Amino acid sequence: MSEQNKPEAGSEFQSQPNSTRPGDLRSGLDQLKKRWRMPGFPWVTYSLMAITVLFYVIQQIVSRVYGFDLLFALLGKINVFIQAGDFWRLLTPALLHSSLIHLMFNVYALSILGRQIEPFYGKGRFILLYVLGAFGGNVLSFVLSDFNSLGASTAIFGLLAAEAVFIWQNREVFGKQSQRILMNLGFVLMLNLFIGISPGSNTDNWGHLGGLMAGFFFAYMGGPLLEVRRSETGLRLEDSRTKQQIWMAAVMVLVAFTVIAAIPFITR
């Protein structure tokens, strides 16, 4: 969770039944529907996890040396500095965490969601999704909250929204299990929102909402659209989304949240 106050197109996957008889064809399709964890090592997910942990270690070491959280002072979401021109602070708070529990919660969520989404999105598109979620969350927090904040959950909520959109748009491929997955995602979302509004919580709810929105719109316009196609080697599961559509979705989300970020500068 965020705390306040301290493209490439997806890969193609295939199944190779022993014959092309109707029964075997149906069996192959059922196998494709069950393969929620597609092949392919999630390099970006594990790299992001490693970078996040590394920043936390550096953050703790530097804090002990200087007696205060220097990295947060330089990279955290602090509105007065953003208004002074430190625009990198609309992205870099996703690299920082306020405690070990805070770090573990977000890294665990990243490992679960990332390993499920990245094989479908591909490395480049997954990076876009993560960065846009972090950017959108920090932008909305900057505009609507005066509190300082940090944490990767802006990006995590972007992944959560993207997975929900992905399952919904491809529900014919995933069949009956799509309803179960969507219900689980809805439960996780409601639980986090409940924790965020609980008395005494210092959760950056605006940051979560912004990440959710950015992830939703990018996934809706540029996320994988799977089609089951028959070829000489069997059944092939392909992403029909074009690179032009992916980049257009990324640009539209980026521009939209950039306009939102400009509001405090226009109205002051």
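Return the residues of the range 204-216 that are closer than 21 Å to L182 by Cα and touching a Leu at 6+ places or on another chain (Cβ under 9 Å); say none if nothing qualifies.
Restricting attention to the range 204-216, the residues satisfying the condition of being closer than 21 Å to L182 by Cα are 208-216.
Across the range 204-216, the qualifying residues are H208, L209, G210, G211, L212, M213, A214, G215.
When the range 151-210 is limited to residues that are polar (S, T, N, Q) and in contact with a strand residue (DSSP E or B) (Cβ under 7 Å, 6 or more places away or on another chain), the one that is nearest to M221 (Cα to Cα) turns out to be N170. Taking the range 77-118 as the range and being of a type in the set (G, A, S), surrounded by 20 or more Cβ atoms within 10 Å (Cβ to Cβ) and in contact with a Ser or Thr (Cβ under 7 Å, 6 or more places away or on another chain) as the test, the residues that pass are A94, G114. Scanning the range 236-253 for residues that are crowded, with 21+ Cβ neighbours inside 10 Å and either assigned to a strand (DSSP E or B) or in contact with a strand residue (DSSP E or B) (Cβ under 6 Å, 6 or more places away or on another chain) (or both) turns up L237, D239. Anything in the range 66-87 that is farther than 16 Å from A262 by Cβ and assigned to a helix (DSSP H, G or I)? List them, or say none. Those that are farther than 16 Å from A262 by Cβ and assigned to a helix (DSSP H, G or I): Y66, L70, L71, F72, A73, L74, L75, V80, F81.
For residues that are within 20 Å of the chain's Cα centre (by Cα) and either in a helix (DSSP H, G or I) or among the hydrophobic types (A, V, I, L, M, F, W, C) (or both), tally how many sit in the range 88-100. So the count comes out to 9. Residues in the range 3-17 include none that are among the hydroxyl-bearing types (S, T, Y) and either more than 30 Å from Q244 (Cβ to Cβ) or modelled with pLDDT of 60 or more (or both).
The values are calculated or read from the model by the stated rules, or taken from the named source; none is laboratory data. In this text, all values refer to a predicted model and were calculated from it rather than measured experimentally. Using ideal geometry, Cβ is built from the backbone for each residue, glycine included, and neighbour counts are taken over all protein chains shown.
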